[in-house]
């Protein structure tokens, strides 16, 4: 009998996917003995309702491009294909029960886990691995998720908000997102005039 798959799940808006996402996925893969890291762009992220999130099709394509060529990274469109709001608890329930899941979060997202829909179900289904983020106290994360697995990553002050603001200001995103993602952003005209 084969051992269960140990899968990292890295979800988010990915508006756009950036190097901090890839660094978190790489750290989790290496440090936690994962078989794969699955990047899951949110279809309709309920916590960002009304905030002008880019179309799911664009975020999916950028996610696919961001992980291309990394054999243990996967892009998964199950949330993009789902109708209605997307919730992590529902998504985790769609993975095979015999898979060992590790939910990879930035410290800001982890500290906010109690505000999610069915946070208890999330914590029952997956271990939580956390990448530190500037300005987020470890104690807030521990209070929210219990005993997270801390990833050893550099503090990267990169966020989707920062990147969208840079693009609107006419500043370069080079070396902050993968080249293929930058090419997509430029060719699709994303973030230029939000």
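The values are calculated or read from the model by the stated rules, or taken from the named source; none is laboratory data. In this text the structure is predicted, and so the values were computed from the model without any measurement. Positions of Cβ are backbone-derived with ideal geometry, glycine not excepted, and every protein chain shown enters the neighbour counts.
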(message) So, residue 35, is that one surrounded by fewer than 17 Cβ atoms within 10 Å (Cβ to Cβ), more than 17 Å from residue 121 (Cα to Cα) and touching a strand residue (DSSP E or B) at 6+ places or on another chain (Cβ under 8 Å) or not?
(response) yes
(request) Test residue 66 against the stated conditions and say whether it is assigned to a helix (DSSP H, G or I), at pLDDT 95 or above, touching a strand residue (DSSP E or B) at 6+ places or on another chain (Cβ under 8 Å) and within 22 Å of residue 161 (Cα to Cα). (result) yes
(message) Go through segment 160-172 and report how many residues are under 18 Å from residue 13 (Cα atoms), touching a helix residue (DSSP H, G or I) at 6+ places or on another chain (Cβ under 9 Å) and either without any contact (Cβ under 8 Å) to a residue 40 or more places away in the chain or exposed (fewer than 14 other Cβ atoms within 10 Å of the Cβ) (or both).
(response) 1
(request) Could you tell me whether any residue of segment 56-63 is out of contact with any helix residue (DSSP H, G or I) (no Cβ under 9 Å at 6 or more places or on another chain) and free of Cβ contacts under 8 Å to residues at least 24 places away in the same chain? (result) no
(request) Inspect all residues belonging to segment 130-143 and state whether any of them is in contact with a strand residue (DSSP E or B) (Cβ under 6 Å, 6 or more places away or on another chain), under 30 Å from residue 6 (Cα atoms) and in a strand (DSSP E or B). (result) yes
(request) Look at residue 105 and say whether it is within 25 Å of residue 161 (Cβ to Cβ), part of a strand (DSSP E or B) and touching a strand residue (DSSP E or B) at 6+ places or on another chain (Cβ under 9 Å). (result) yes
(message) Among the residues of segment 32-40, are any under 14 Å from the mean Cα position of the chain (by Cα), touching a residue at least 60 places away in the same chain (Cβ under 8 Å) and closer than 22 Å to residue 148 by Cα?
(response) yes
